[in-house]
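Note sheet for the following structure.
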Amino acid sequence: MSAAIIDGKALAAAVKAEAAAEVEALRAKGVAPCLAVLLVGDDPASAVYVRGKAADCAQCGIESRVIRLDAATTQEELLARLEALAADESVHGILVQLPLPAHIDEAAVIAAIPPEKDVDGFTPVNAGNLLTGGDCFAPCTPAGCIRMIQSTGIDIAGKRAVVVGRSNIVGKPAALLLLARNATVTVCHSRTKDLAAICREADILVAAVGRAGFITGDMVKPGAVVIDVGINRGADGKLHGDVDFAAAAEKAAFITPVPGGVGLMTRAMLMKNTVKAAQRHCD
Ligand code: GUN
């Protein structure tokens, strides 16, 4: 293996230490940052993620309020909960854990989060501001990817970046964040022709497809920075990334592991966004 491993655990710890220091400064000004998390239903993976987010909050001195709602909760009930949290001055950030049960219109729920409390960066206002270069909450996973790329010391400007995956949560915002840093960006997806050839041109390769081992060693340019967003639970019960790690590490200069990579950074960036939401109260 030749690639250096980008240590998500160490980087996330550094980002959370930053957030904790900012929380202390806010508390000195009389603002106690608070994140409300709405969890609907009993998806086991979501429950694990939400527990992780609450633990991170505790570690950073952020108050967390986890509101667990029954899987049969109606859209109206959920929207009413959101309205109350929107009006609650003591709540700075609101996060609705996805996926929601099938009977709930996800887009309608996300649109009901006030943009200034939208620490996930999922609302149309934040997505639009990300597109046009305005101040916004950037979604946590792609923001974490950028921190990981920056940690390598490589200059993003002028590099060829390939993002595999076009979700609203990861692929599209990752492409916009890279573009804002002057990378030349290509977004690939399930209909892309010659995917391997395009990936091989990438100085920065971001894999966000949700299929274990989808990016094989032959798709990696020698010396590339490979960021693996995938978290796939294998038949072996273990977590696997979207990248064939062993093969890609033979080619890449830097690579993120799974677990211990992007997932931890997503949680850390959520802390930063929550602090940012609370800082508005001092403006
Ligand atoms: N489900 C999977 N990832 C996320 C995330 O980053 N935010 C929310 N709200 N739900 C998710």
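The values are calculated or read from the model by the stated rules, or taken from the named source; none is laboratory data. From a predicted model like this one, the values you see are computed outputs, not experimental measurements. Reconstructed Cβ throughout: ideal geometry from the backbone, glycine too, with neighbour counts over all protein chains shown. These area figures cover heavy atoms from the full protein model, side chains too; ligands, DNA and RNA do not enter into them. Shrake-Rupley method; radii C 1.70, N 1.55, O 1.52, S 1.80 Å.
For the chain, the longest principal axis of the Cα atoms and the long axis of helix 44-60 meet at an angle of about 70 degrees. Once a ≥ b ≥ c are taken as the square roots of the eigenvalues of the Cα gyration tensor of the range 1-124, is the result rounded (a/c under 1.5), prolate (a/b larger than b/c) or oblate (a/b not larger than b/c)? Taking the square roots of the gyration eigenvalues as a ≥ b ≥ c, the range 1-124 is oblate. Distance between the C-alpha centres of the range 170-189 and the range 224-276: 17 Å, rounded to the whole angstrom.
Packing, as the average of other Cβ atoms within 10 Å across residues, places the peptides 227-234, 70-77, 146-153 in the order 227-234, 146-153, 70-77, highest first. Solvent-accessible surface of the range 176-234, averaged per residue with a 1.4 angstrom probe and all protein chains in place: 48 square angstrom. Placing unit charges on the Cβ atoms of the charged side chains and taking the dipole of the chain about its Cα centre, the candidate lying farthest along the positive direction among Gly30, Ile204, Ala54 is Ile204. Using the Karplus relation 6.51 cos²θ - 1.76 cosθ + 1.60 with θ = phi - 60°, the per-residue 3J(HN,Hα) values for the range 185-197 come to 10, 10, 10, 10, 7, 5, 9, 5, 8, 6, 3, 4, 5 Hz, with x marking Gly and Pro. With a 1.4 Å probe and all protein chains left in place, how much of the accessible area of the chain comes from carbon and sulfur atoms, in whole percent? Carbon and sulfur atoms account for 54 percent of the accessible area of the chain. Checking the cross-link pairs Lys172/Lys238; Lys117/Lys251; Lys16/Lys117; Lys53/Lys159; Lys117/Lys172; Lys159/Lys276 against a 31 Å limit on the alpha carbon distance flags Lys117/Lys251; Lys53/Lys159 as lying beyond it.
Taking the Cα centre of the range 126-283 as reference, the dipole from Cβ charges on Lys and Arg (+1) and Asp and Glu (-1) amounts to some 300 debye. Between the Cα long axis of helix 171-180 and the first principal axis of the chain there is an angle of about 80°, rounded to the nearest 10. Think of the range 92-186 as a dipole: +1 on every Lys or Arg Cβ, -1 on every Asp or Glu Cβ, centred on the Cα centre; then among Val96, Asn126, Ile149, Ile149 lies furthest on the positive end. Which shape class applies to the range 30-77: rounded if a/c is under 1.5, otherwise prolate when a/b exceeds b/c and oblate if not, where a ≥ b ≥ c are the square roots of the Cα gyration tensor eigenvalues? Note, shape of the range 30-77 comes out oblate. Taken over the Cα atoms of the range 189-249, the convex hull encloses 76 Å³ per residue. Could you work out the Kirkwood radius for the chain, taking every pair of different alpha carbons, averaging 1/r and inverting it, reported in Å? For the chain, the Kirkwood estimate is 19.4 Å.
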